[in-house]
Each structure stands twice: as structure tokens, then as C-alpha cells.
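Novice: I am attaching a structure below and will ask some questions about it afterwards.
The values are calculated or read from the model by the stated rules, or taken from the named source; none is laboratory data. Since the model is a prediction, treat every value here as computed from it, not as a measurement. Neighbour counts are summed over all protein chains in view; Cβ atoms, including those assigned to glycine, are modelled from backbone coordinates with ideal geometry. Note: areas computed on protein heavy atoms with side chains; ligands, DNA, RNA excluded. Shrake-Rupley method; radii C 1.70, N 1.55, O 1.52, S 1.80 Å.
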Amino acid sequence: MAFLLLVMLTYFSTALASAADSSEIRSSCWASGDLSEDVVAIARQESRWSCGTREFSIDAERVLLRFDITPDNALPRYLLSRRSALETVHLLAIDKEGAVRQTSVPAATLPSSLAGGYFKASLPEVTRETAHVVVAIDLPSHRMTLEGAYLAPTDPAGGTVDMRFLLVLAGLAGMLVMPLIFNAAFYRALRESFVLWHSALTLSLLMTVLVSSGLSVVLFDPPAMTLSWMTTLIFGMTVGSGAMFTHSFIEPGLMHPLLRRLLPYCAVWAICLSVFHAAFPFVARPMQASAYTAAFAPILGIFILSMIDSLRRGSRAARFQAIGYTPIIVVGLVRLVTGVVPWLHSTDAMFLFYVGCACEVLFTTLGVAERFVTMKRERDRARNEAELLERLSETDALTGLFNRRAIERQFEQLRGEGFAALAVIDLDHFKAINDVNGHGVGDEVLKAVGSALQASPDVRAYRLGGEEFMLLLRGDDAEAQAELRRQAIPAIVAHAVSGLGRPVTASMGVTNIFGSEGFAALYERADKLLYEAKSAGRNRTRSAIKATPVLESFPNDQAMIA
């Protein structure tokens, strides 16, 4: 899609240039004067005119352009020129016998042309008797307004080719909307600042396409001077958001710290420059436009150095950004050189800018998506490792059961899920097993007990330490479930560990959970019941649960243990 847009942009730009060249009338001479002088008087003084050169100067308060009308020319109806701040446009049609028809248009009422970036002004009546059209511009703020001025019989963007070009630009604007949708989804899943800055950059590029082309005229038709200061502000936003996107997008450690610290200052500097230039275009007017353009040189230099340094350090993000930004960087260089060097005609390289927008959509969006996938993969890996470490920290290494830390963390949640009984189980005479058979055999016994106390959806099993275990249970048969597992211990241990010489039994205390009591109080009550079972002769249960169903009513658990 982006490649198709590039091809279509190239085709229509060439077609538009060919069509424009056939009907345009460019100025042949220029003159200058003060606002206090009469425009007609200046126009009639032949000695004031400089012909054969297009090296215009805006040092004077008023600059005049003369357009010669020949029999070969189609009679012009409009003056068109590049938008920039000015005060008034005076238009004179001078006939061969000296008759003058004059009109003046204040800057605030100048309409925008469908030709992107241009204003238009209707000429006084031009006939075959007209020898010259003189245009006087009061307080021009940029040489482009003089260099780009020409006469045309129609608004040049009204033809079929022009409208098709606007449709291509509308397609480009639509492409710029897509990253905004993707970024909204990315940010919900991965709340990284570079996603927001990429959205700000894309939005500013979208706004630039709208205000610098005829799309704004078709959709809103704002005055030319409104679009002029909007273009200036949006340019600052574009540079600022681009700098901040680079600052946050390049991976940590893959850009020199000094360059990364400078980028936010570049963003602030760009926005301040644009705000000042838009708000005070006539302050130091003859040099402000050039100074404004030159002031972006450090930003461009820092950005290029940042890209080179990040690429040298192996940044994957910088690869996408460097490819996507190359046309826009070239646009910046063209504007900088032609805007500062006096003998070069200023150009904003809009066609290349549109190409840069398409590249930005394609490559930086791919870069954001790739970075998103990489960061998500890293976060998922870190989350899995953290969960694994947490499980390991809450798991008894010998038996595989949860440990005391796990029950203390899980207790409130499990109580909320309906677990309402707790049993504490202790092996009888376990010290004797270690003394007679050794600790290795004792460990095997503990493993077998862990198997006997196997968990189910309604039973959670824990090893508290040494030969002490615990069950957390739910359901009306909680006591029976606990007793079933206690009674299974001798058989399962005997089957798993040979040569013990006597059965391994266990004593148990089991109790209900009352209300919102904490784990410590519950455990203390169950432990007292366990002590009573031990004191009564071991291998038995003491329960604080009133009703206990018979074991035969639980065939599934018996079969499981058997």
C-alpha cells in the first residue's frame, strides 16, 4: 500500500508540474519601496525595477513583482503564491495606454488555494490591452512568497489530475490514521511512553498533510493566514514529538547518554521556536525566517548523530527509524540549506515530505510493532521466571507440597473460595525412624506421606516443616476427607519404603474455620487438638467438627488412595 502510494505520488506530482508549467506566468522584474509610497507611482518608475534576476530581498517594507502579459498567454484571473505571514497584497492591472485597475486584499481575507500551501487572490480585470500585472506585497516575511508567486487563469488545483492527486493525499492521510489505531491497542497491552510519542508524531504528520495540501480547503476552507501559522505550529510539534519518540524508542544502553539527554531539550526548543515564529512573524522580519530555519540545524544534527550512534551500538529500533526517517531528514536538509543560503530559492520539498510520511507509516510502525513484540516477550519471560521463583519459594523441595509461606499467602483467598476446615497432621515417633534407619530413609518416608496427602479440587496439602503436615479443606465431608488421607499414610509408606520394621502412623487435629479469624488463631486451635490426639495414644484424630460422615460414602477418594 505504501509503495503504491509512492508510485501514485510520483506520477501525479509530475503530471501537476507539467500542467502548471503550460499556464503559469512568472514575474519578470521586481522592485521595492516603503509603505508610505504610492504603489502606482512605484510601478510607473522604470528605474526602480530590477529585471533578469530572481534573487528577491524582503529587506524593504513593500516588494513589487511585475508580470508581463503577452499575446501568447491565457488571460490570468488569479495571483497564487506560497503562504507566509504578510500584511496586504495590492494588485494592479496596467494597460498599454496607461490605464490602471487596482484592488487590495488584506492578509486576513486571503483565501487558500486548492494547490497545497498556496494562497490566491483575484486580479482586477485583465484584457488583451493589459501590458503588465503588478503585485505589491506589504511586509513579506519569507522569500518563498516572492519566489513562488505566479499568475494563472484558474485555481490550478481544479482539474481532474489535481483532484486525483488530492485523493492520493487523502489515502496517505488514511494510512496515517492506521498507526493511531494500532498504537491504542499497543498501549493498552504495553504502557510504554514511546507508543504515545509515536502517536503524537503520526498525528502531527497527519495534520501537516491536511494543512499543507488542498485537503484542508476541501474539508474546512480556512483563511490562508490561519493555515500559515497552523503549519508553523504543527512543524514544531512534528520535530518535538519526533525527538521525544527517538528518546523513548531507542533501547536502553544503545544510545550515548548525552545524546539521549539532549533530545528532550531539542523537543522543547523546536516547539518554542515555532510558537514564537507563528505569534511574532514581523519581529526582525527581514531575517527572522532565515534565523528560524537555521535554529533547527542543531536539532537536525543531534538527531542524525543519535541515529548513527544507535546504529553503531546495534539498536534494532534505530534501523527501522533510520529507514523511515531518511526522506524526512532529507526534507529538513533541503529546507535548511535553501532557507539559509541567500542565492538559493527556498523550497519546502513537499513531494519528498509526502514520500517521507509514507515511509514513516511503513517503517516506524513496523519498528513499533517489532519493539512491542520484543518487549512483550521479555516481560512474559520475566513474569514466568518470577512466577516460577515464587512457586519454588512456596514449594517444599522434598515432598513437592506447598510450604508454610504458601498457606500464609493463600489463606485469605482460599477461605473466600469456600475452604472452611483445617487439619494438622504429625507423624508418630518419626525421630525414631531417623535414629534407627537414618535420615535418608526418613526423607523417603516424608515423600511417601506427601503422596498420601494428595491434593484435589477440595483439598490443599502443605508441609509445615519436619514431620508436620497440614490440610485445608472445603465441603460437607471435610473431616472425612482429612481422615481418609491420615489413615492412608501407613499403607502408602509401607508400599513405598521397605525395611521399616513397623508401620508409620500419624495423629491429627481438625477444626472448622470460624468467621474471619486469621490463620494463626486457626492453626493454634488445630495444633491443640493434635496435641490431645498425641496425648490420647497417637494414631488417632481429635476433631472440633461436630458431624462426620462415614468413610464408605467417599468411594472416589478411597479408590484414589488405594
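Novice: Among the listed residues VAL449, VAL436, identify the single one that is surrounded by fewer than 15 Cβ atoms within 10 Å (Cβ to Cβ), among the β-branched types (Val, Ile, Thr) and not in a strand (DSSP E or B). Don't jump to the end; show me each part of the working.
Specialist: Working: VAL449 fails: surrounded by fewer than 15 Cβ atoms within 10 Å (Cβ to Cβ).
Only one candidate passes the filter, namely VAL436.
Novice: Considering only residues that are of a type in the set (A, V, I, L, M), touching a strand residue (DSSP E or B) at 6+ places or on another chain (Cβ under 9 Å) and buried (at least 21 other Cβ atoms within 10 Å of the Cβ), which ones fall in region 61-90? Steps first, answer last, please.
Specialist: Start the filter on region 61-90 by keeping residues that are of a type in the set (A, V, I, L, M), which leaves 63-65, 69, 74-75, 79-80, 85-86, 89.
From what's left, touching a strand residue (DSSP E or B) at 6+ places or on another chain (Cβ under 9 Å): 63-65, 69, 74-75, 79-80, 86, 89.
Matches in region 61-90: VAL63, LEU64, LEU65, ILE69, LEU79, LEU80, LEU86, VAL89.
Novice: Can you list residue pairs whose Cβ atoms sit under 8 Å apart, with the first residue in region 402-417 being part of a helix (DSSP H, G or I) and the second being among the hydroxyl-bearing types (Ser, Thr, Tyr)? Count only pairs 6 or more apart in sequence or on different chains.
Specialist: The qualifying pairs are ARG404/TYR462; ARG405/SER393; ALA406/THR395; ALA406/TYR462; ILE407/TYR462.
Novice: Continuing with the same structure: For region 519-538, name all the residues that are within 20 Å of PHE419 (Cβ to Cβ), out of contact with any Ser or Thr (no Cβ under 9 Å at 6 or more places or on another chain) and open to solvent by 30 Å² or more (accessible area, probe 1.4 Å).
Specialist: At the first step, the residues of region 519-538 found to be within 20 Å of PHE419 (Cβ to Cβ) are 519-527, 529-530.
Next cut, out of contact with any Ser or Thr (no Cβ under 9 Å at 6 or more places or on another chain) only: 519-521, 523-524, 527.
If the condition is that a residue be within 20 Å of PHE419 (Cβ to Cβ), out of contact with any Ser or Thr (no Cβ under 9 Å at 6 or more places or on another chain) and open to solvent by 30 Å² or more (accessible area, probe 1.4 Å), then ALA520, ALA521, TYR523, GLU524, ASP527 are the ones that fit.
Novice: To continue, here is another question. List the residue pairs whose Cβ atoms are under 6 Å apart, where the first residue sits in region 194-219 and is more than 16 Å from PHE119 (Cα to Cα) and in contact (Cβ under 8 Å) with a residue 12 or more places away in the chain, the second is β-branched (Val, Ile, Thr) and assigned to a helix (DSSP H, G or I), and the two are 6 or more positions apart or on different chains.
Specialist: HIS198/VAL368; SER204/ILE234; SER204/THR238; MET207/ILE234; THR208/ILE234
Novice: Could you tell me whether any residue of region 403-422 is within 21 Å of PRO503 (Cβ to Cβ) and among the aliphatic types (A, V, I, L, M)?
Specialist: No, there is no match, as no residue in region 403-422 is within 21 Å of PRO503 (Cβ to Cβ) and among the aliphatic types (A, V, I, L, M).
Novice: Still on this structure, I have one more. So, of the residues in region 44-58 that are at pLDDT 90 or above and among the basic types (Lys, Arg), which turns out to be least open to solvent (accessible area, probe 1.4 Å)?
Specialist: Checking each candidate, the answer is ARG48.
Novice: Out of LEU180, LEU210, LEU201, which single residue is closer than 15 Å to ILE328 by Cβ, out of contact with any strand residue (DSSP E or B) (no Cβ under 8 Å at 6 or more places or on another chain) and part of a helix (DSSP H, G or I)?
Specialist: Working: LEU180 fails: closer than 15 Å to ILE328 by Cβ; LEU210 fails: closer than 15 Å to ILE328 by Cβ.
Going through LEU180, LEU210, LEU201 in turn, the sole match is LEU201.
Novice: Taking VAL550 as meeting all but one of (1) of a type in the set (Val, Ile, Thr); (2) open to solvent by less than 40 Å² (accessible area, probe 1.4 Å); (3) at pLDDT below 90, write down the number of the exception.
Specialist: For VAL550, the exception is condition (2).
Novice: While we're looking at this one, here's another question. I need the full set of residues from region 119-144 which are among the polar types (S, T, N, Q), open to solvent by less than 20 Å² (accessible area, probe 1.4 Å) and closer than 30 Å to HIS277 by Cα, in order please.
Specialist: Once the filter is applied, which keeps residues that are among the polar types (S, T, N, Q), open to solvent by less than 20 Å² (accessible area, probe 1.4 Å) and closer than 30 Å to HIS277 by Cα, region 119-144 yields only SER141.
Novice: Right, here's the next one. Answer yes if at least one residue in region 173-191 is among the charged types (D, E, K, R) and touching a residue at least 40 places away in the same chain (Cβ under 8 Å), and no otherwise.
Specialist: Residues of region 173-191 that are among the charged types (D, E, K, R), as a first pass: 188, 191.
With touching a residue at least 40 places away in the same chain (Cβ under 8 Å) added as a condition, the list becomes none.
No, region 173-191 has no match at all.
Novice: Mind checking whether some residue in region 315-334 is surrounded by fewer than 17 Cβ atoms within 10 Å (Cβ to Cβ) and either touching a Lys or Arg at 6+ places or on another chain (Cβ under 8 Å) or assigned to a loop (DSSP other than H, G, I, E, B) (or both)?
Specialist: Looking through region 315-334, at least one residue is surrounded by fewer than 17 Cβ atoms within 10 Å (Cβ to Cβ) and either touching a Lys or Arg at 6+ places or on another chain (Cβ under 8 Å) or assigned to a loop (DSSP other than H, G, I, E, B) (or both).
Novice: Another question, then. Of the residues that make up region 244-266, is at least one closer than 30 Å to ALA121 by Cβ, in contact (Cβ under 8 Å) with a residue 40 or more places away in the chain and open to solvent by 30 Å² or more (accessible area, probe 1.4 Å)? I'd like the intermediate steps shown before the answer.
Specialist: Going through region 244-266, the residues closer than 30 Å to ALA121 by Cβ turn out to be none.
Within region 244-266, none of the residues are closer than 30 Å to ALA121 by Cβ, in contact (Cβ under 8 Å) with a residue 40 or more places away in the chain and open to solvent by 30 Å² or more (accessible area, probe 1.4 Å).
Novice: Are any of the residues in region 305-313 open to solvent by 50 Å² or more (accessible area, probe 1.4 Å) and under 21 Å from GLY117 (Cα atoms)? Before the answer, list the steps.
Specialist: Kept after step one, since they are open to solvent by 50 Å² or more (accessible area, probe 1.4 Å), are these residues of region 305-313: 305, 308, 311-313.
Adding the requirement that they be under 21 Å from GLY117 (Cα atoms) leaves none.
No: region 305-313 contains no residue that is open to solvent by 50 Å² or more (accessible area, probe 1.4 Å) and under 21 Å from GLY117 (Cα atoms).
Novice: Sort out which residues of region 230-243 are open to solvent by less than 30 Å² (accessible area, probe 1.4 Å), within 14 Å of LEU201 (Cβ to Cβ) and not small (Gly, Ala, Ser), and write them in order of number.
Specialist: Pass one, region 230-243, residues open to solvent by less than 30 Å² (accessible area, probe 1.4 Å): 232, 234, 236, 238, 240-243.
Going one step further and asking which of them are within 14 Å of LEU201 (Cβ to Cβ), we end up with 234, 236, 238, 240-243.
Hits for region 230-243 are ILE234, THR238.
Novice: Considering THR365, THR399, which residue is in contact with a Pro (Cβ under 7 Å, 6 or more places away or on another chain) and open to solvent by 10 Å² or more (accessible area, probe 1.4 Å)? Even if it seems obvious, please write down each step before you answer.
Specialist: Working: THR399 fails: in contact with a Pro (Cβ under 7 Å, 6 or more places away or on another chain).
When all the criteria are applied, what remains is THR365.
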